[in-house]
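Written below as C-alpha cells is the structure these notes are about.
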Amino acid sequence: MTVTWEELGWEQLAPGVGRCRLPGWDCTAGLVLGEGTALVVDAGSSPAEGARVREAAQGLAGRRVTHLALTHPHFDHVFGAPAFAGAEVYAAVGMDAVFAYEREELRRDAVAHGLPTADADEAVAALAPPLHLVSGEWTLDLGGGRQVLLANVGPGHTAHDLAVLVPGSVSGTAEIVFCGDLVEESGEPQAGPDAVPSRWPDALDRLLALGGEDALYVPGHGAVVDAAFVRRQRDELAARFGVS
C-alpha cells in the first residue's frame, strides 16, 4: 500500500519533492524523487535519526536512497550520514577536510548541544568523507526529467555551505531551494565559531539569485519562507555584523 507524505509526517512541496522537520533541533531533511532515484538533503543528528529519515524516504520513494546532499558540516545535519551506506554523498568542497581533521570539534559541539555522548561517539566513528565535492555548481540528473542543481553559495553560516535547487515545472510549480542554515525561520540565525559573518549577506544574495522571487525557500530550521523573508534576514545579518 502506498503511503502519503502526510502519513509519514512529511510536507509535500511539489510532486516528488518534500521535507520533514526533525524533532529535537527542528532540522529540515529534504527529499527529491527521480526515476529510480531518491535524493535526501541532510541526514539528521545521529545514526539512529538518519536511519529513520532513510526509512521514511524509502517508504515514500518505493526504492532505496541513492543520493545524499549535506548542506553544511554541523552535527545536527550530518551525524545521520552513516545510515546512508551506498548513497552517493555530495557536499561543498572542504567538507572532506572537516570530517577528516575536525571530528573531535564536531563531537564536542554535539554533546554540548545535548546529543548523548554515545550517539556522538558512534557518529564520529562512522563518519566518512563525502565522495563528491562541489566547488561551484553541479547539475545532478536524477532521471525521468528531474534535475537538481547543487550550488556552493558560501561561505556564510559556515565555510562550506551548499544549497540545493529543484527547478520549477512547466505546469507552474515553483522553484524550491533547500538553504541549509544560511536561512533559519524558527529562530535567529546562529553564527558559531566557524561562521564567516562578513560573507553571509553575499551568500544570501547568491541564494536569492539562484531561486528568484517566486521560489519556495526551505530553511535549515523552521517553516518554508519566501524571497522577501530571505531578503529581510539578509539585511538583518548585514546590520548585525556591520557589513553591506
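The values are calculated or read from the model by the stated rules, or taken from the named source; none is laboratory data. Please read all numbers here as calculations on a predicted model, not as lab measurements. Cβ placement follows ideal geometry from the backbone for every residue including glycine, while neighbour counts extend to all protein chains displayed. All accessible areas refer to the heavy atoms of the entire protein, side chains included, with ligands and DNA or RNA removed. Shrake-Rupley method; radii C 1.70, N 1.55, O 1.52, S 1.80 Å.
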Output for Cβ contacts, cut-off 7 Å, separation at least six or different chains, first residue farther than 15 Å from Pro167 by Cα and open to solvent by 20 Å² or more (accessible area, probe 1.4 Å) in segment 208-234, second of a type in the set (D, E, K, R) and at pLDDT 95 or above, reads Ala223/Glu185; Arg234/Asp205
task: Return a yes/no flag: does segment 80-92 have any residue that is surrounded by fewer than 18 Cβ atoms within 10 Å (Cβ to Cβ) and part of a loop (DSSP other than H, G, I, E, B).
output: yes
Boolean, Val89 is touching a residue at least 40 places away in the same chain (Cβ under 8 Å), within 22 Å of Gly34 (Cα to Cα) and not basic (Lys, Arg): yes
Worksheet item: Does Ala126 meet the test of being within 22 Å of Glu55 (Cα to Cα), open to solvent by 20 Å² or more (accessible area, probe 1.4 Å), touching a helix residue (DSSP H, G or I) at 6+ places or on another chain (Cβ under 9 Å) and aliphatic (A, V, I, L, M)?
Response: yes
Selection from segment 160-175 of residues open to solvent by less than 50 Å² (accessible area, probe 1.4 Å) and touching a Gly at 6+ places or on another chain (Cβ under 8 Å) yields His160, Asp161, Leu162, Ala163, Val164, Leu165, Ala174
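State which residue is least open to solvent (accessible area, probe 1.4 Å) when the search covers only segment 96-123 and only residues that are among the basic types (Lys, Arg) and within 13 Å of Asp76 (Cα to Cα). Lay out the reasoning, then the answer.
The initial filter retains those residues of segment 96-123 that are among the basic types (Lys, Arg), namely 103, 107-108.
Pick out the ones that are also within 13 Å of Asp76 (Cα to Cα) and you get 107-108.
Numbers: Arg107: 57, Arg108: 127 Å².
Top of the filtered list is Arg107.
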With the first residue restricted to segment 164-179 and required to be in contact (Cβ under 8 Å) with a residue 24 or more places away in the chain and under 14 Å from Val224 (Cβ atoms), and the second required to be in a loop (DSSP other than H, G, I, E, B) and of a type in the set (Gly, Ala, Ser), Cβ contacts under 6 Å at 6 or more apart or on different chains are Ala174/Gly168; Ala174/Ala215; Glu175/Gly168; Glu175/Ala215; Val177/Ala215
Taking segment 129-143 and keeping residues surrounded by fewer than 12 Cβ atoms within 10 Å (Cβ to Cβ) and farther than 18 Å from His72 by Cβ leaves Thr139
